[in-house]
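> My structure is below; once you've seen it, I'll send some questions.
The values are calculated or read from the model by the stated rules, or taken from the named source; none is laboratory data. From a predicted model like this one, the values you see are computed outputs, not experimental measurements. Note that we place each Cβ from the backbone using ideal geometry, even for glycine, and neighbour counts take in every protein chain shown.
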Amino acid sequence: MALNYAEIEPKWQKAWVEAKVYESEPDERKGILINVPFPYVNTPLHIGHLRTYATTDFHARYKRHRGYNVLFPMAFHATGTPILAIAKRITNKDKELIEELHKFEIPDSDIAKMEDIYFIVDYMIGITEEAFKQSGLGIDWRRKFRSIEPIFSKMVEWQFARLNAAGLLKQGSHPVGWCPNEGNAVGQHDTRGDAEPEIEKLIAVGFKDADTDAIFPCTTYRPETIDGVTNLFVGEKVEYVKARIGGKSYFMSKDAATRLAYQMQLEVEGPVSASGLLKKNVINPSNGERLPILPGFFVEAEVGTGIVMSVPAHAPFDYAALERLKGSGIQVPQGRSVIRIERPNNPPKAPTGEEIERARKADHSASVEAYLELLKQGGEISDEVLEVATKLVYREESRWGVMAYGKYLGRKETDARGLISADLISSGSSFNMYELTNPKPVFCRCGTRVVVKTVEGQWFINYGDKKWKEDTRKHMRSMRMHPEGSMNTFEKVMDWIDMRATERAQGLGTPFPLNKSHIIESLSDSTIYMSLYTYIHILRDSKVSAEQLKPEFFDFVLSGKGDAGSVSKSTGIDELALKKCRDSFVYWYSDTARHSGSDLIYNHLVMYLFNHVALFDRKFWPKQIVTNGLVNYEGQKMSKSLGNIIPIKIGIRNHGVDPLRFIEVVGAELGSESDFRVDEVKSIRTKNDFLHKLITSLPEMKSAELSHNDFWLYSKLNSKIKRATELLDGMLLKEAYIDIYYNSVTELRRYLERGGSNGMVLRDFLEKLTVMISPIMPHVAEEFWHELGKASFVVKESWPEPDASMINPDVEQAEALIDSTVSDVRQGIELTSKIPANSGKNVKEITIIVADDWKTAAYNRLARERNMAKAVSSDSLKGADKEKVSKFLSQFAKRASALVEVPRLPCEYVVQGFNDSKDYLSEKLGAPVSAVMESNSSSPRAPRAMPGKPAIDITWE
RNA sequence: GCAGGGAUGGCGGAGCUCGGUCAAACGCGGCGGACUCAAGAUCCGUUGACUUAGGUCUACGGGGGUUCAAAUCCUCCUCCCUGCACCA
């Protein structure tokens with residue numbers, strides 16, 4: 001009788017709602033607020049997203065079983081630009097997007113309305129909320145809100161006023177990708193082909209014209225090679241201009257001047273010809289050397305300033321350019337090496353001819369030496385080879401290079417780079433600039449090439465603030481983080497998190513208080529909203545308007561400042577409601593757990609920590625963070641391009657929500673990716689059906705006195721409860737549920753196979769099992785629970801307590817021994833059947849000979865001592881025949897250090913166990929089975945009985 | 001480039017913090033068998049190589065090292081994944 005998921009899911013969801021199971025209010029129990037980032041409602045969620053929500057739901061349900069008063073709320077996120085982007089794409093009839101929406105079974109009539117952003121928000125919230133309800137998430141829906149409503153904005157305004165008062169907001173300049181045509185910042189989704197504009201800061205090193213005051217700025221990643229410069233390169237076909245920056249004249253490509261104008265005050269004075277520049281000489285700012293300017297074949301107007309400093313000893317392109325000039329009548333300067341390689345553990349080897357051949361084909365596997373040798377040999381060298389060579393040289397020198405010349409002689413190259421850069425900047429003629437470092441030029445969707453613009457007056461949250469960071473870090477270390485390894489990631493993020501831009505020109509959201517024409521960036525506005533869950537329904541019930549939510553309201557509720565009476569007077573909010581808000585906040589915020597995908601550690605979660613530390617009392621700082629990995633589908637990443645995205649609704653329809661939840665939540669440990677495989681989901685359904693069938697057949701089963709088999713099942717059950725509870729408290733979900741679920745199914749099958757039929761024992765097992773699967777599979781558990789004849793809701797039941805008196809390791813070990821002996825016997829039959837004397841015969845009987853106790857004792861002694869002499873002389877063996885013992889042990893002497901102790905079951909007990917299971921064993925093995933202890937056996941095989949491994953005597957006839 | 005994480009059998013994935021219990025948990029898949037009219041599901045066995053009684057050999061990205069002993073420690077190399085900021 002297969003479970004009908006489509007029937008039981010809505011049935012129990014409805015019953016829970018009617019009983020208000022998930023509507024939580026403070027009471028005498030210990031409270032905990034368990035929450036998860038509100039979903040972004042630009043597109044509907046797919047089954048990959050479900051993992052985080054279902055894991056959160058698991059946690060909430062588990063804690064409820066464990067006696068906590070749990071609040072699991074939900075809201076919706078809509079600030080920022082993505083929803084604007086959707087509306088724009090719909091207006092443009094974007095086919096890709098429309099196709100995607102079709103996959104979510106959204107009809108064209110609704111898609112047509114999505115030019116309206118508020119329609120999108122409402123519509124997507126509807127879909128998402130429905131999906132969450134169908135997923136059986138135990139959410140208190142009375143507290144839902146959206147991040148674009150006035151109450152939310154009031155809270156965010158309060159937040160930023162407090163941050164500003166604490167001096168944590170800073171203003172400054174900031175480079176962004178910029179479309180000169182549209183006049184706004186461009187991010188990844190604003191560019192053609194979704195190229196993320198990669199911005200890098202580099203230095204333009206100023207070389208003064210030998211005869212005038214004009215400067216040649218050379219962009220470079222490697223200013224430390226300055227003393228190795230032999231000349232400058234300009235492009236013969238490049239258009240140059242003279243431009244004025246900060247009262248000085250610079251030569252640069254016309255293109256560079258255009259780009260740099262977005263980064264600094266720059267005025268073009270007029271065109272300059274490349275041939276004119278080629279006649280000039282320059283002075284090296286580091287050592288005063290007078291250097292020529294030569295034509296460089298690779299120089300491009302679009303890269304850097306269009307002027308390159310030539311370091312032939314360390315830059316393959318420069319070297320090759322000079323080589324090409326040889327024979328053209330131009331005198332080519334000699335390079336100077338300024339960096340020495342010190343690679344102590346792995347000294348460079350001379351390259352083989354074969355390796356040089358590989359280098360000629362621009363093969364990455366060739367060594368840097370091979371490339372250098374190739375360069376030395378001269379001849380035609382392709383740009384491709386030069387590119388690889390450049391990369392390898394750069395890497396080699398960055399990793400192992402030591403300065404071999406100049407002021408920083410002996411310093412590591414990477415250190416010298418920064419020092420020399422700083423020296424050059426402070427000397428006046430050099431400057432920093434930003435450059436897009438994408439391999440190809442980046443274009444805005446409008447077709448204009450993207451440049452880097454320095455935005456002035458940009459506001460930041462200063463997460464680099466020393467005191468703030470240290471307070472946050474210290475608190476972070478005291479938190480419960482799951483999985484354990486995530487703490488390390490948090491530490492790293494703490495190390496590098498610094499200023500973060502917090503407002504921008506476009507998008508939905510709350511106006512930025514210090515510049516009302518901008519809005520607060522959508523990660524920054526979502527760091528303390530979890531507190532809103534604790535009281536928003538009270539505001540709604542009391543008909544409080546947003547205008548009444550003055551700063552003193554939040555000061556009172558969130559910071560406990562002021563008193564309800566005066567706050568009530570100034571805001572007009574009912575005094576009792578105010579007190580209730582504060583009490584609710586205090587109750588729920590005393591213990592919290594926040595869940596999320598592990599990708600959010602890098603931004604949201606750390607910001608969440610910082611903001612709480614800055615704004616709340618210490619006792620309301622976050623207590624626990626649980627992060628989980630992504631979900632793959634049949635071994636592949638879920639992505640739009642692979643077309644393997646399955647909407648939650650459809651996933652539920654196809655698989656049933658509980659099997660889906662089970663696979664997603666416990667299919668992998670928190671920290672790793674889980675894989676969604678249809679076969680595995682099916683196997684969960686099969687196992688559920690097995691349990692279901694067993695439950696429905698319970699009424700026919702009778703109770704009887706407990707047998708060995710019953711004790712075994714009880715022992716399994718109780719040791720499982722104990723172990724799984726410990727694992728779950730540590731959020732080791734997969735390991736716990738392998739034991740709770742998979743192993744239970746196996747054990748039950750085995751119990752039945754062994755002839756187990758005690759209704760009372762099975763009922764006890766199944767009832768406790770049902771409670772334990774309910775956090776993951778609540779609908780199935782609820783169905784089981786009622787089949788078991790219960791009237792209560794299983795989702796509100798207490799977690800089972802292990803009965804220590806029923807845990808019996810001996811029984812479990814004896815069973816395990818019986819198991820392993822069965823397969824040993826099978827193997828023995830298989831092997832002896834091949835003996836000619838046995839051909840055509842059948843097995844007549846099987847005797848299992850259990851090793852004497854002294855053997856086990858001696859063996860364990862050796863395993864512990866790892867030393868023959870000690871083991872033999874041991875006191876614990878007194879009374880035993882020393883000679884016999886040492887003879888027995890000598891066979892293990894070689895491996896003494898690798899031995900492991902075996903369970904110390906008295907051999908009489910084991911023999912008894914085997915003989916109690918005679919029927920079962922005989923049936924399984926197809927011949928009568930009996931067991932005997934070694935000392936009572938006359939079989940020639942008896943001495944082969946080993947601790948933990950009985951000897952087997954098979955008689956054929 | 002920088003930072004973090006990873007590379008284990010046909011596949012996914014444990015183990016690697018405390019080196020010997022590791023031919024390697026668990027789950028898929030493959031093969032053989034039982035059941036079935038049949039398919040599916042389920043159950044049993046098997047799934048590195050060799051081996052007619054529990055044994056031997058070769059294995060944990062590549063090189064080098066430490067050790068009586070390394071998937072596990074050190075080191076170098078190669079490759080892969082993720083993040084790098086205004087983007088939620």
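> Within the range A:72-129, which residues are closer than 24 Å to A:A185 by Cβ and not in a helix (DSSP H, G or I)?
A:H77, A:A78, A:T79, A:G80, A:T81, A:N92, A:D94
> Within the range A:728-757, work out how many residues are buried (at least 21 other Cβ atoms within 10 Å of the Cβ) and among the polar types (S, T, N, Q).
Here the count works out to 1.
> Another question, then. Is it true that A:K407 is assigned to a loop (DSSP other than H, G, I, E, B), more than 11 Å from RNA strand B (Cβ to nearest atom) and among the charged types (D, E, K, R)?
On the way: assigned to a loop (DSSP other than H, G, I, E, B): yes; more than 11 Å from RNA strand B (Cβ to nearest atom): yes; among the charged types (D, E, K, R): yes.
Taking the combined requirement at face value, the residue satisfies it.
> Which numbered condition trips up A:K103, out of (1) surrounded by 15 or more Cβ atoms within 10 Å (Cβ to Cβ); (2) in contact with a helix residue (DSSP H, G or I) (Cβ under 7 Å, 6 or more places away or on another chain); (3) modelled with pLDDT under 95; (4) farther than 30 Å from A:L691 by Cβ?
Among (1) surrounded by 15 or more Cβ atoms within 10 Å (Cβ to Cβ); (2) in contact with a helix residue (DSSP H, G or I) (Cβ under 7 Å, 6 or more places away or on another chain); (3) modelled with pLDDT under 95; (4) farther than 30 Å from A:L691 by Cβ, A:K103 violates only (2).
> Separate question: Where the second residue is among the hydroxyl-bearing types (S, T, Y) and modelled with pLDDT of 75 or more and the first is over 10 Å from A:I952 (Cβ atoms) and lies in the range A:825-853, which pairs have Cβ atoms under 6 Å and are six or more apart or on separate chains?
Within 6 Å, the pairs are A:K844/A:T955; A:E845/A:T955; A:D852/A:S935.
> Those residues that are in a loop (DSSP other than H, G, I, E, B), of a type in the set (A, V, I, L, M, F, W, C) and under 15 Å from A:V393 (Cα atoms), I need them from the range A:312-342; list them, please. Walk me through it before giving the result.
Looking only at the range A:312-342, we keep the residues that are in a loop (DSSP other than H, G, I, E, B), and these are A:312-315, A:326-338, A:342.
Cutting the leftovers down to of a type in the set (A, V, I, L, M, F, W, C) gives us A:313, A:315, A:330, A:332, A:338.
Within the range A:312-342, A:A313, A:A315, A:V338 meet the criteria.
> Can you tell me which of A:S584, A:S590, A:S559, A:S568 is more than 30 Å from A:T52 (Cα to Cα) and either in contact with a Phe, Trp or Tyr (Cβ under 8 Å, 6 or more places away or on another chain) or among the charged types (D, E, K, R) (or both)?
From the options A:S584, A:S590, A:S559, A:S568, the qualifying one is A:S559.
> Check whether at least one residue in the range A:774-785 is surrounded by fewer than 22 Cβ atoms within 10 Å (Cβ to Cβ), modelled with pLDDT of 90 or more, part of a helix (DSSP H, G or I) and of a type outside the set (D, E), and report yes or no.
no
> How about the range A:661-686: which of its residues are among the hydroxyl-bearing types (S, T, Y) and under 23 Å from A:E484 (Cα atoms)?
Scanning the range A:661-686 gives A:S672, A:S674.
> In the range A:800-814, which residues are assigned to a helix (DSSP H, G or I) and either out of contact with any helix residue (DSSP H, G or I) (no Cβ under 6 Å at 6 or more places or on another chain) or modelled with pLDDT of 95 or more (or both)?
If the condition is that a residue be assigned to a helix (DSSP H, G or I) and either out of contact with any helix residue (DSSP H, G or I) (no Cβ under 6 Å at 6 or more places or on another chain) or modelled with pLDDT of 95 or more (or both), then A:A804, A:S805, A:P809, A:D810, A:Q813 are the ones that fit.
> Return the residues of the range A:414-443 that are more than 33 Å from the chain's Cα centre (by Cα), of a type in the set (S, T, Y) and either surrounded by 15 or more Cβ atoms within 10 Å (Cβ to Cβ) or within 12 Å of RNA strand B (Cβ to nearest atom) (or both); say none if nothing qualifies.
Those that are more than 33 Å from the chain's Cα centre (by Cα), of a type in the set (S, T, Y) and either surrounded by 15 or more Cβ atoms within 10 Å (Cβ to Cβ) or within 12 Å of RNA strand B (Cβ to nearest atom) (or both): A:S421, A:S429, A:S430.
Results for (1) touching a Ser or Thr at 6+ places or on another chain (Cβ under 9 Å); (2) modelled with pLDDT of 90 or more; (3) of a type in the set (F, W, Y), shown as yes or no for each residue.
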| site | (1), (2), (3) |
| --- | --- |
| A:A389 | no, no, no |
| A:R395 | no, no, no |
| A:G401 | yes, no, no |
| A:A404 | yes, no, no |
| A:L424 | yes, yes, no |
| A:G447 | no, no, no |
| A:K467 | no, yes, no |
| A:M476 | no, yes, no |
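> Say we look at the range A:198-217 and pick out the residues that are over 21 Å from A:G457 (Cα atoms) and within 16 Å of RNA strand B (Cβ to nearest atom); which of these is nearest to the chain's Cα centre (by Cα)?
Checking each candidate, the answer is A:E198.
> Could you give every pair whose Cβ atoms fall below 6 Å, whose first residue belongs to the range A:433-446 and is within 10 Å of A:R192 (Cβ to Cβ), and whose second residue is in a loop (DSSP other than H, G, I, E, B) and of a type outside the set (S, T, Y), counting only separations of at least 6 or pairs across chains?
Taking only residues 6 or more apart or on different chains, the pairs are A:V442/A:A195; A:V442/A:P197; A:V442/A:V450; A:C444/A:V186; A:C444/A:V450; A:C446/A:N181; A:C446/A:E182.
> Does the range A:39-54 contain any residue that is polar (S, T, N, Q), crowded, with 22+ Cβ neighbours inside 10 Å and in a helix (DSSP H, G or I)?
yes
> Turning to a different aspect of this structure: Mind checking which residues of the range A:153-192 are more than 11 Å from RNA strand B (Cβ to nearest atom) and either assigned to a loop (DSSP other than H, G, I, E, B) or touching a Lys or Arg at 6+ places or on another chain (Cβ under 9 Å) (or both)?
A:K154, A:W158, A:A166, A:G167, A:L168, A:P180, A:N181, A:E182, A:G183, A:R192
> Sort through A:G276, A:G246, A:G304 and tell me the only one that's exposed (fewer than 15 other Cβ atoms within 10 Å of the Cβ) and under 20 Å from A:L424 (Cα atoms).
A:G246
> A further question follows. Just checking, which of A:R411, A:R449 is of a type in the set (K, R), surrounded by fewer than 20 Cβ atoms within 10 Å (Cβ to Cβ) and within 20 Å of A:V229 (Cβ to Cβ)?
On the way: A:R449 fails: within 20 Å of A:V229 (Cβ to Cβ).
After applying the criteria, what remains is A:R411.
> Still on this structure, please answer the following. Given the residues A:V761, A:V745, which is the only one that is among the β-branched types (V, I, T), within 13 Å of RNA strand B (Cβ to nearest atom) and either touching a residue at least 40 places away in the same chain (Cβ under 8 Å) or part of a loop (DSSP other than H, G, I, E, B) (or both)?
Within the list A:V761, A:V745, the selection yields A:V745.
> From the residues in the range A:633-661 that are touching a residue at least 40 places away in the same chain (Cβ under 8 Å) and surrounded by fewer than 18 Cβ atoms within 10 Å (Cβ to Cβ), which one is farthest from RNA strand B (Cβ to nearest atom)?
Filtering the range A:633-661 for residues that are touching a residue at least 40 places away in the same chain (Cβ under 8 Å) and surrounded by fewer than 18 Cβ atoms within 10 Å (Cβ to Cβ), the one farthest from RNA strand B (Cβ to nearest atom) comes out as A:I650.
> May I pose another question? For the condition over 22 Å from the mean Cα position of the chain (by Cα) and either under 30 Å from A:D729 (Cα atoms) or of a type in the set (S, T, Y) (or both), what is the one hit in A:E484, A:E470?
Answer to the selection: A:E470.
> Note down all Cβ pairs under 9 Å where the first residue falls in the range A:806-821 and is under 10 Å from A:H708 (Cβ atoms), the second is outside any helix (DSSP H, G or I) and within 14 Å of RNA strand B (Cβ to nearest atom), and they're at least six residues apart or on different chains.
Between residues of the range A:806-821 that are under 10 Å from A:H708 (Cβ atoms) and residues that are outside any helix (DSSP H, G or I) and within 14 Å of RNA strand B (Cβ to nearest atom), the close pairs are A:A814/A:P903; A:E815/A:R754.
Residue by residue, here is whether (1) in contact with a Gly (Cβ under 9 Å, 6 or more places away or on another chain); (2) at negative phi; (3) more than 12 Å from RNA strand B (Cβ to nearest atom) holds:
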{"position": "A:V911", "(1), (2), (3)": "no, yes, yes"}
{"position": "A:K924", "(1), (2), (3)": "no, yes, no"}
{"position": "A:P928", "(1), (2), (3)": "no, yes, yes"}
{"position": "A:A931", "(1), (2), (3)": "yes, yes, yes"}
{"position": "A:S937", "(1), (2), (3)": "no, yes, yes"}
{"position": "A:P940", "(1), (2), (3)": "no, yes, no"}
{"position": "A:R944", "(1), (2), (3)": "no, yes, no"}
{"position": "A:I952", "(1), (2), (3)": "yes, yes, no"}
{"position": "A:E957", "(1), (2), (3)": "no, yes, yes"}
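> Among the residues of the range A:920-949, which ones are touching an Asp or Glu at 6+ places or on another chain (Cβ under 6 Å) and farther than 23 Å from A:E815 by Cβ?
Scanning the range A:920-949 gives A:S935, A:S939, A:R941, A:A942.
> I'm told A:E797 meets every condition in (1) modelled with pLDDT of 75 or more; (2) farther than 30 Å from A:L694 by Cβ; (3) in contact with a Ser or Thr (Cβ under 8 Å, 6 or more places away or on another chain); (4) of a type in the set (D, E) except one. Can you identify the failing condition by its number?
So the condition that A:E797 fails would be (2).
> While we're here: Failed condition for A:Y714, given (1) touching a Lys or Arg at 6+ places or on another chain (Cβ under 8 Å); (2) at pLDDT 85 or above; (3) more than 12 Å from RNA strand B (Cβ to nearest atom), with all others met?
(1)
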